[in-house]
1. Tally up the residues in the range 151-186 that are more than 19 Å from His118 (Cβ to Cβ), touching a residue at least 12 places away in the same chain (Cβ under 8 Å) and aliphatic (A, V, I, L, M), please.
2. Is it the case, given these coordinates, that Leu290 is in contact with an Asp or Glu (Cβ under 8 Å, 6 or more places away or on another chain), under 27 Å from Phe122 (Cα atoms), assigned to a helix (DSSP H, G or I) and in contact (Cβ under 8 Å) with a residue 40 or more places away in the chain?
3. With respect to Pro12, determine if the residue is in contact with a helix residue (DSSP H, G or I) (Cβ under 9 Å, 6 or more places away or on another chain), modelled with pLDDT of 95 or more, surrounded by fewer than 19 Cβ atoms within 10 Å (Cβ to Cβ) and in a loop (DSSP other than H, G, I, E, B).
4. Just for helices (runs of 4 or more DSSP H) wholly inside the range 34-143: which have at least 1 residues that are within 19 Å of Glu166 (Cβ to Cβ) and β-branched (Val, Ile, Thr)?
5. Could you list, in sequence order, the residues of the range 246-259 that are more than 11 Å from Pro276 (Cα to Cα) and crowded, with 20+ Cβ neighbours inside 10 Å?
6. I need a count of the residues in the range 248-268 that are modelled with pLDDT under 95 and closer than 23 Å to Val105 by Cβ.
7. For the condition surrounded by fewer than 20 Cβ atoms within 10 Å (Cβ to Cβ) and small (Gly, Ala, Ser), what is the one hit in Gly219, Gly267, Gly188, Gly215?
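The values are calculated or read from the model by the stated rules, or taken from the named source; none is laboratory data. Since the structure is predicted, the reported quantities are computational estimates derived from the model, not experimental observations. Note that each Cβ is placed from the backbone with ideal geometry, even for glycine, and that neighbours are counted across all protein chains shown.
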Amino acid sequence: MARDDWDPDRLPDLSGRRYLVTGSTRGLGFFASLQLAGAGAHVIMTGRNPHRLTTARAALRRQVPDAEVETLLLDTSNLGSVRAAAATARGRTGLHGLLLNAGIVHPPRQREVTRDGHEVVFATNALGHYALAGELLLALAAGRGRMVWVGSMSTVISPMELIDPELENDYTPWRAYVQSKIATTALGLEADRRLRAAHVPIASIVAHPGYATGGRTRGIAGINTPSRGKRFLDNLQAPISQSKERGAWTLVRALVDPLAEGGQFWGPSRGATGRPVPATVPRVARDAELAARLWNYCEHATGTVWPYLKASKTKRR
């Protein structure tokens, strides 16, 4: 079990360790990257917009002048982009951690599909991360690293059934978001089961940030510049909300705490706010049969078979 004396403001020395963070240009991804870099890690910041990536890297370097940070174009809604980014990342040294953070938080009003033909929220939040983790599995194994999938409080307060992941019927923006987070949680837990069964030295963990809002987060040019109205409205929710910086605490602890374990679900101590602690897996994501079906769907939808798991299946025959 993880220690009780964890201090989010005093992370262990991460010098010599490499982490890739998806969706690094703002929000949780930026602050997770900032916290990792501040502890001495080499951080690969990723995003789909080159200008925003440049801005985010410069903002991070203003906070941590000696940070070891590089950028990598990656759009998790585009499987071609996922494979290209993974090929670049694989060409370097091993990875110690992969934070699967990028995602659509405010889905479109009407159902949209990607160029690959998948519903855009499910593709961005779940399918792309499944494919990326599979493509980077060898690099993670080389670093004996771990992957952290980002879940959400929404899976507790709105426990939907994951029957139609692409929402070809009954699409709503809220349903699209919640189902995508049920999927990331179920995939993260299923990944750990399969990696353990194949004796692969990689831990898969799920973490959620609680209720983290931009209006309660310090302003950083190009990263977080909420209006006065947003600050006022978000501060009205102060008892049940926290900053994006604090929301990132849980993701970072799951990624770097040596005593965090594969298969765990992490969240803030008070549910929506607080220090990062192990939490209870949402009921809807505990169904191992559902997770296995979802895994098989992602495998066929992305054309990605995780390498060690493929070898393990072949060996068992």
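1. Counting residues in the range 151-186 that are more than 19 Å from His118 (Cβ to Cβ), touching a residue at least 12 places away in the same chain (Cβ under 8 Å) and aliphatic (A, V, I, L, M) gives 2.
2. No: the conditions fail for Leu290.
3. yes
4. 79-90
5. Those that are more than 11 Å from Pro276 (Cα to Cα) and crowded, with 20+ Cβ neighbours inside 10 Å: Leu255, Val256.
6. Residues that pass the stated criteria total 0.
7. Gly219
Let's see how each residue does on (1) within 29 Å of Leu14 (Cα to Cα); (2) at pLDDT 95 or above; (3) out of contact with any strand residue (DSSP E or B) (no Cβ under 6 Å at 6 or more places or on another chain):
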residue	(1), (2), (3)
Thr93	yes, no, yes
Pro108	no, yes, yes
Tyr130	yes, yes, yes
Gly151	yes, yes, no
Asp164	no, no, yes
Ala176	no, yes, yes
Arg194	yes, yes, yes
